[in-house]
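All of the numbers you see were taken from the coordinates with simple rules; none came from a lab. Keep in mind the model is a prediction, meaning the values are calculated, not measured. Glycine gets a Cβ as well: all are built from the backbone with ideal geometry, and neighbour counts include every protein chain shown.
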Amino acid sequence: MEESLAWHRKDPASRMPVRAMALSLQSLYNGFEYIMKKICQEIDGHVPRGDTWHADLVNRMGVATENRPPVFSEELLKELHAMRALRHRIVHAYSFFLDPDTLAAASERAMKLSERFSTEVTTFFQVLSK
């Protein structure tokens, strides 16, 4: 840990691309979460609460309720949980301890996840409107 802090103190500007990538990934996941919360609020009538609400929210999207079918496939749920975990590390590590290669790979996965999320949300609303 001290080694990472020493590197940051020595050349803080060199960490800016890492921080920018981390912030972009965090913002993307926050957008996903916003949509999931709106589905819970508007269709289910309530949003999960408590210490595990972030994970519960994702899990809820894979379960049918009396008002709707499942929103997402199991595969997408796994990808969302992985991105949720990364967002947690980004928020709590303050980008000091984030590996640029890990973030670059996560960014590639996030682009595919974004497309899939959009497709599945669109399909969900099409089914719901029938």
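Which shape class, rounded, prolate or oblate, goes with the range 44-130 when its Cα gyration tensor gives a ≥ b ≥ c as root eigenvalues, a/c under 1.5 marks rounded, and past that a/b bigger than b/c marks prolate? Taking the square roots of the gyration eigenvalues as a ≥ b ≥ c, the range 44-130 is oblate.
Taken over the range 40-85, the percentage of Cα pairs per 5 Å bin, counting from 0 up to the bin with the maximum distance, is 5, 22, 30, 25, 15, 3. For the range 28-42, putting each phi into the Karplus relation 6.51 cos²θ - 1.76 cosθ + 1.60 with θ = phi - 60° gives couplings of 4, 5, 4, x, 4, 5, 4, 5, 5, 5, 5, 4, 5, 5, 7 Hz, in residue order, rounded to whole numbers and with x for Gly and Pro. Charged side chains reduced to their Cβ positions (Lys and Arg at +1, Asp and Glu at -1) give the chain a dipole of some 260 debye around its Cα centre.
How much net charge surrounds Trp53 when only the other residues with a Cβ under 12 Å from the Cβ of Trp53 are counted, with Lys and Arg +1 and Asp and Glu -1? It works out to a net charge of +1.
Against the chain, whose longest principal axis comes from its Cα atoms, helix 74-93 is set at around 40 degrees.
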